[in-house]
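Taking it in order: structure first as structure tokens, then the write-up.
The values are calculated or read from the model by the stated rules, or taken from the named source; none is laboratory data. Quick caveat, the model's predicted, so the values are computed rather than measured. All Cβ positions, glycine included, derive from the backbone under ideal geometry; neighbour counts span all protein chains shown. In case anyone asks, the SASA skips ligands and DNA or RNA and just uses the protein heavy atoms, side chains included. Shrake-Rupley method; radii C 1.70, N 1.55, O 1.52, S 1.80 Å.
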Amino acid sequence: MVSSRRQLSPCPVCNRTDQVKKLQTASDSGELHIAPPPMPEPKATMMKYIIAGMILVGIGSFLILIMVSTTGLELIQVVITLLFIVIALLLSALAIRHIGKGDEEARQRYPVWDLAMANWNRLLYCSRDKVVFDPQIRKALSESSTRDLLDMEKLESTQGIQLVASH
């Protein structure tokens, strides 16, 4: 009979396969409290630019209302209002550039995340012996060794993966 499930490596402690499962399965069932490596996400925010732009637009709107309500338009009010509008537009452009840099930094971390996810998908867990092991080297791993294989910062330093700085 052909099994539809791929044969998993035997546990290095008990040399049996009946209680061996993928790390993801053990984590999902609650047997193991190790999470997969988080996907790199941009940490850039636009909030300070948005707030500054809103304040400038609010002041500019107030000045426009004053200009409309007065009998004579003063050149200084028009210039200040236009200046606030231009500054708000520049802040928008800076915000977009800031977000783009954050996205690029996250994108540069994808190779390290791919390595951590390859480790996550390769490692196995034996429910009988409550041990995580690497089927490639056929050895049980300590909790700290397992976490090191999934920690992106540790992988960067130990594997010599260099991120390209964008300047």
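For this structure, a couple of remarks:
- The label-point distance for Phe62 and Met46, in a model that sets each label 7 Å from Cα toward Cβ, rounds to 2.5 nm.
- Pairs beyond 23 Å (Cα-Cα), from Lys22/Lys139; Lys22/Lys43; Lys48/Lys154; Lys21/Lys154: Lys22/Lys43; Lys48/Lys154; Lys21/Lys154
- With protein chains left intact and a 1.4 Å probe, residues in the chain average 68 Å² of accessible area per residue.
- Dividing the summed -39500 (n - 2.57) terms of all DSSP H runs of n ≥ 4 by the residue count of the chain sets its mean residue ellipticity at 222 nm at -18500 deg cm²/dmol.
- (i) 15.0, 53; (ii) 21.1, 64; (iii) 28.2, 94, with the label sought being that of the calculated Rg and Dmax of the Cα atoms in Å: (iii)
- Among 29-42, 76-89, 105-118, the peptide with the highest mean count of other Cβ atoms within 10 Å heads the list, and the full ranking is 105-118, 76-89, 29-42.
- The chain: DSSP helices with Cα axial extent of at least 30 Å and average Kyte-Doolittle hydropathy no lower than -1.0: 47-69, 75-108
- Length gained on full extension, Met39 to Leu94: 17.2 nm, using 0.36 nm per residue less the C-alpha separation.
- Apportionment of accessible area to carbon and sulfur, the chain, percent (1.4 Å): 62
- Overall form of region 49-148 per C-alpha gyration tensor (a/c, 1.5; a/b vs b/c): prolate
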